[in-house]
Amino acid sequence: MAPDTALMREDATARVAMQATTESRRSRIALILCATGFLFLFLVLPLAAVFVEALRQGFGAYLSALTEPDALAAIRLTLVVAAIAVPSNAIFGVTAAWAIAKFEFRGKTFLTTLIDLPFSVSPVISGLIYVLLFGAGSALGPWLQRHGIEVLFAIPGIVLATIFVTFPFVARELIPLMQDQGTADEEAALSLGASGWQTFWRVTLPNIKWGLLYGVLLCTARAMGEFGAVSVVSGHIRGLTNTMPLYVEILYNEYSFVAAFAVASLLALLALMTLVLKTLLELRFSSPHGVARH
Amino acid sequence: MDVRIINVRKEFGRFPALHDVSLDIRSGELVALLGPSGSGKTTLLRLIAGLEFPTGGAIHFGGEDASLTPVQERNVGFVFQSYALFRHMTVLDNIAFGLRVRPRSTRPSRREIRDRAMELLELVQLQGLDKRFPTQLSGGQRQRVALARALAIEPRLLLLDEPFGALDAKVRRELRRWLRELHDKTGHTTVFVTHDQEEALELADRIVVMSQGRIEQVGSPDDIYDHPNSPFVFGFIGESSALPVHVQDGQVQVADRPVGILANGCGDGDATLFFRPQEVEIVDGPGPVIAGVVVATRRRETNRRVDLEIGAARHRIEIEVPLDRDIHGSGRLALRPRRWKLYPVAGPREPNAGNQVEFVD
């Protein structure tokens, strides 16, 4: 019985504390209305508009807009780019976080800042960097051309730009987590005779798996939705170098609104799915068996 | 297994953590590394384990130089202060980890690993908890799992970093007794780090007192407590009172008056007089004494502690007085230590120097 009453008392004090800090009833309602109104106007309404516009001419038109060869090519390209960019950044993110969180070395702060760079640089500039680096006028350009390697206006350029823009997601997610966990678990594994690989697969990776998944999820969403950087390097060749976001823009500029919104609705669905998964992961994080975090 | 630490130095960047430390650990011994935080005791333990490598000097394991052997190959059981249990594994999997990561040629069969882990679980008295996760255990239970996990690899040496640091006082006392029994049963050469002098005195065969990256004194608990060889050790082990004094013509003086203590061999000049609060006698009659003004009294279980201010400098010391003695608020009290030690002040720092004076009445 004792723990029960203790719990009840705790509950009661919590309620008292809440009363002491809460606003009056009227201002509470006003605040809630304000927030929901804002959310409705800027999030729900546009999202609904995407689906309404996409289905304006019925489900048949919607489906045929999505199964058009150019649309399918755009979807395929987006998936391919994500399939290359996300694993690369996952591997990079884990190694960078590992290095930063578990070792002391010169230039550590610099590396941390460098990882954040893509967040602070405008995506258009990121794309432009690649144009300057690999374009015909660059030092590398003629050499690439001679060897028949296409970077710009081709898939490699799009992948590079996407990797650059989504660079920080996994690393940013893992660095604080791994710093928090310290090195004692790894040291324990090593002292028990485990090799470096065994320690990584059996101890480190399980410890960070939820954080890693979360980072990968955000990275995927961004990789598929990226517009600015990809727009600069892609060259907008229909059926070849158009990703979904680029294809949406083209369709819209051609006044084929139904098709544009149909493709956009896929991206919107992706965003919603990310949101649901993210919430699920966060629940998992805060559960007692999940990895303690934040 | 014997461990020899020979002139080991360790620097972290420019920060020296250990200066020229030498120590012999004998096979089967239970040794405590005792010192305040920052004394280098944990660094020394990690060097023995191979989690750090010495900047200079050597560490020998049973005759062979192990200074550069990586931790995986040293075969030492290390119990971390935070236990460092693998949180995604059950208790059984945690204990079995060290056996499961062995290369196939030396790895026991699945069945043997399981049986061995269950045996160890029994040894640390946690039968029935094999399927629990570390988060479902109490601090004392986690500590035992960590110990079982370290013992699973049949280590040549068992190292424990502040093994009872995170536990409450009662569990701590129980585990202390239990660890001593376990050590006597298994006979592992064991080194543990602690900042708790009581723990070191009660548990260890030998105590290594450390301060500021140096070993101050090595000895049995009796040696360390009864014959501390430096003011630091006297002050750190057990309770003590220290009083600045002056030595003149072989007599100890406080505020220019002799107090009835001979300075046997301690040269003239300033010195510090150390004694235990419980080893003083209250003097009522005339004669040379240390006299002070009572500034505070505290009741303890079987006696009373009194704070005295001595002389014009109002230097504060603590002494123990029997309960039946009437102590007035700010009355005066005269005392003479029954046992004391005199350490000359200043001069070059000489650890383990023999120029101190010890006296037992």
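The values are calculated or read from the model by the stated rules, or taken from the named source; none is laboratory data. Computed from a prediction, not measured in an experiment: that's the story for all the values here. Positions of Cβ are backbone-derived with ideal geometry, glycine not excepted, and every protein chain shown enters the neighbour counts.
Of all residues in region B:32-46, those being closer than 19 Å to B:R206 by Cα and either over 18 Å from the mean Cα position of the chain (by Cα) or surrounded by fewer than 18 Cβ atoms within 10 Å (Cβ to Cβ) (or both) number 1. Checked against (1) surrounded by 18 or more Cβ atoms within 10 Å (Cβ to Cβ); (2) touching a Pro at 6+ places or on another chain (Cβ under 8 Å), B:T135 passes all but a single condition, namely (1).
Where in region A:131-182 are the helices (runs of 4 or more DSSP H), entirely inside, with at least 1 residues that are out of contact with any Phe, Trp or Tyr (no Cβ under 6 Å at 6 or more places or on another chain), closer than 30 Å to B:F80 by Cα and of a type in the set (V, I, T)? Let's see the steps before the verdict.
Working: elements: A:140-146, A:155-166, A:168-181.
Output list reads A:168-181.
Of all residues in region B:97-128, exactly one satisfies the criterion of being within 36 Å of the chain's Cα centre (by Cα), among the β-branched types (V, I, T) and at the interface with another protein chain (Cβ under 10 Å from one of its Cβ atoms), namely B:V101. Scanning region B:178-217 for residues that are out of contact with any helix residue (DSSP H, G or I) (no Cβ under 8 Å at 6 or more places or on another chain), surrounded by fewer than 20 Cβ atoms within 10 Å (Cβ to Cβ) and of a type in the set (A, V, I, L, M, F, W, C) yields a total of 1. Kindly establish whether B:V21 is of a type in the set (A, V, I, L, M), part of a strand (DSSP E or B), crowded, with 22+ Cβ neighbours inside 10 Å and in contact with an Asp or Glu (Cβ under 8 Å, 6 or more places away or on another chain). It is false that B:V21 is of a type in the set (A, V, I, L, M), part of a strand (DSSP E or B), crowded, with 22+ Cβ neighbours inside 10 Å and in contact with an Asp or Glu (Cβ under 8 Å, 6 or more places away or on another chain). Of the residues in region B:105-116, at least one is in a helix (DSSP H, G or I) and touching a residue at least 24 places away in the same chain (Cβ under 8 Å).
Residue by residue, here is whether (1) surrounded by 19 or more Cβ atoms within 10 Å (Cβ to Cβ); (2) facing another protein chain (nearest Cβ under 8 Å); (3) more than 16 Å from A:A101 (Cα to Cα); (4) at pLDDT below 90 holds:
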| site | (1), (2), (3), (4) |
| --- | --- |
| A:A171 | yes, no, no, no |
| A:L174 | yes, no, no, no |
| A:L177 | yes, no, no, no |
| A:A188 | yes, yes, yes, no |
| A:L192 | yes, yes, yes, no |
| A:S195 | no, yes, yes, no |
| A:T204 | yes, no, no, no |
| A:A223 | yes, no, yes, no |
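Please verify whether B:E29 is within 14 Å of chain A (Cβ to nearest Cβ) and either farther than 16 Å from B:K10 by Cβ or under 23 Å from the mean Cα position of the chain (by Cα) (or both), treating the condition exactly as stated. Don't jump to the end; show me each part of the working.
On the way: within 14 Å of chain A (Cβ to nearest Cβ): no; either farther than 16 Å from B:K10 by Cβ or under 23 Å from the mean Cα position of the chain (by Cα) (or both): yes.
No: the conditions fail for B:E29.
In summary, B:N7 fulfils each of the numbered conditions (1) at positive phi; (2) part of a helix (DSSP H, G or I) with the single exception of condition (2).
Please pick out the residue among B:S67, B:S82 that is within 13 Å of another protein chain (Cβ to nearest Cβ), within 30 Å of B:E11 (Cα to Cα) and either among the hydrophobic types (A, V, I, L, M, F, W, C) or surrounded by fewer than 19 Cβ atoms within 10 Å (Cβ to Cβ) (or both). Being within 13 Å of another protein chain (Cβ to nearest Cβ), within 30 Å of B:E11 (Cα to Cα) and either among the hydrophobic types (A, V, I, L, M, F, W, C) or surrounded by fewer than 19 Cβ atoms within 10 Å (Cβ to Cβ) (or both) holds for just one of B:S67, B:S82, which is B:S82. Is it the case that A:F134 is surrounded by fewer than 12 Cβ atoms within 10 Å (Cβ to Cβ), farther than 20 Å from A:S256 by Cβ and out of contact with any Pro (no Cβ under 7 Å at 6 or more places or on another chain)? Taking the combined requirement at face value, the residue does not satisfy it. Residues that are outside any helix (DSSP H, G or I) and touching a Phe, Trp or Tyr at 6+ places or on another chain (Cβ under 7 Å) do occur in region A:191-200, at least one of them.
If I filter region A:249-268 for residues that are more than 19 Å from A:A65 (Cβ to Cβ), surrounded by fewer than 21 Cβ atoms within 10 Å (Cβ to Cβ) and either under 25 Å from the mean Cα position of the chain (by Cα) or away from chain B (no Cβ under 14 Å) (or both), do I get at least one hit?
Keep residues of region A:249-268 that are more than 19 Å from A:A65 (Cβ to Cβ), which gives none.
Checked region A:249-268: no residue is more than 19 Å from A:A65 (Cβ to Cβ), surrounded by fewer than 21 Cβ atoms within 10 Å (Cβ to Cβ) and either under 25 Å from the mean Cα position of the chain (by Cα) or away from chain B (no Cβ under 14 Å) (or both).
A quick yes/no check of all residues on (1) in contact with a Gly (Cβ under 9 Å, 6 or more places away or on another chain); (2) exposed (fewer than 13 other Cβ atoms within 10 Å of the Cβ); (3) charged (D, E, K, R); (4) under 30 Å from A:A154 (Cα atoms):
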position: A:L31; (1), (2), (3), (4): no, yes, no, no
position: A:C34; (1), (2), (3), (4): no, yes, no, no
position: A:L39; (1), (2), (3), (4): no, yes, no, no
position: A:L45; (1), (2), (3), (4): no, yes, no, no
position: A:E53; (1), (2), (3), (4): no, no, yes, no
position: A:Q57; (1), (2), (3), (4): no, no, no, no
position: A:E68; (1), (2), (3), (4): no, no, yes, yes
position: A:A74; (1), (2), (3), (4): yes, no, no, yes
position: A:V80; (1), (2), (3), (4): no, no, no, yes
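Kindly establish whether A:T78 is outside any loop (DSSP other than H, G, I, E, B) and under 24 Å from A:I250 (Cα atoms).
On the way: outside any loop (DSSP other than H, G, I, E, B): yes; under 24 Å from A:I250 (Cα atoms): yes.
Yes; evaluated as a whole, the condition is true for this residue.
Only helices (runs of 4 or more DSSP H) whose full extent lies in region B:129-234 are considered here, and the ones with at least 1 residues that are in contact (Cβ under 8 Å) with a residue 60 or more places away in the chain and either within 14 Å of another protein chain (Cβ to nearest Cβ) or over 30 Å from B:F12 (Cβ atoms) (or both) are B:139-152, B:169-186. Residues considered: A:V233, A:V263, A:V203. Of these, the only one that is of a type outside the set (G, A, S) and free of Cβ contacts under 8 Å to residues at least 24 places away in the same chain is A:V203.
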